[in-house]
Amino acid sequence: MAKGGLSAGVMHEQDQYIQGSFKVLTNSAMGNPYASEKDVIDKDWGEVLSDNPYTQIRDADHSAESFDRVRENSKEAWKGAVRDVNSSDMLLGNQIIDATGMRDEVDAAVDDWVGPAPQPQPQPSGGER
């Protein structure tokens, strides 16, 4: 009897593994490309199948507040891109600016144009996130 129970347990584990693999495969074909394998495997089949481009468009938030958030996030992304380009050591122009000692002036001009860089937020203590 113990052998039968062990076999049933092994079969159950194999079934879970195969189902998880098919869930990941299904999600990669039509689901959320940002979901981790663990997140996909932990979903039931209904959740895996309901997360697809059609439902993402159908259920999207089209409110004015959502568009305001998108507009603000886009502005911040562009500001971040400008700051990244300004600080890139890969660009010859930045190397020349640094070599001529004009970094402070250029940084001030970028701050005037896009605003100051955001300050890092303090992280909660005690391992909480």
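Given a cut-off of 21 Å, what percent of all Cα-Cα pairs of the chain lie beyond it? Don't skip to the end; give the middle numbers.
Details: 5750 of 8256 pairs.
More than 21 Å apart: 70 percent of the Cα pairs in the chain.
How much accessible surface area, in Å² rounded to 10, belongs to the heavy atoms of Arg69 with a 1.4 Å probe?
130
Semi-axes of segment 30-105's equivalent ellipsoid from the Cα gyration tensor, sqrt of 5 times each eigenvalue, largest first, rounded to whole Å?
43, 19, 8
Give the relative contact order (percent, whole number) for the chain; include only Cα pairs under 8 Å separated by 6+ residues. Intermediate values should be presented prior to the final figure.
Working: 46 pairs, mean separation 18.8, N = 129.
Dividing the mean separation by the residue count of the chain yields 15 percent.
The values are calculated or read from the model by the stated rules, or taken from the named source; none is laboratory data. Since the model is a prediction, treat every value here as computed from it, not as a measurement. Each accessible area value is taken on the protein alone, full model and side chains, heavy atoms only, with ligands, DNA and RNA left out. Shrake-Rupley method; radii C 1.70, N 1.55, O 1.52, S 1.80 Å.
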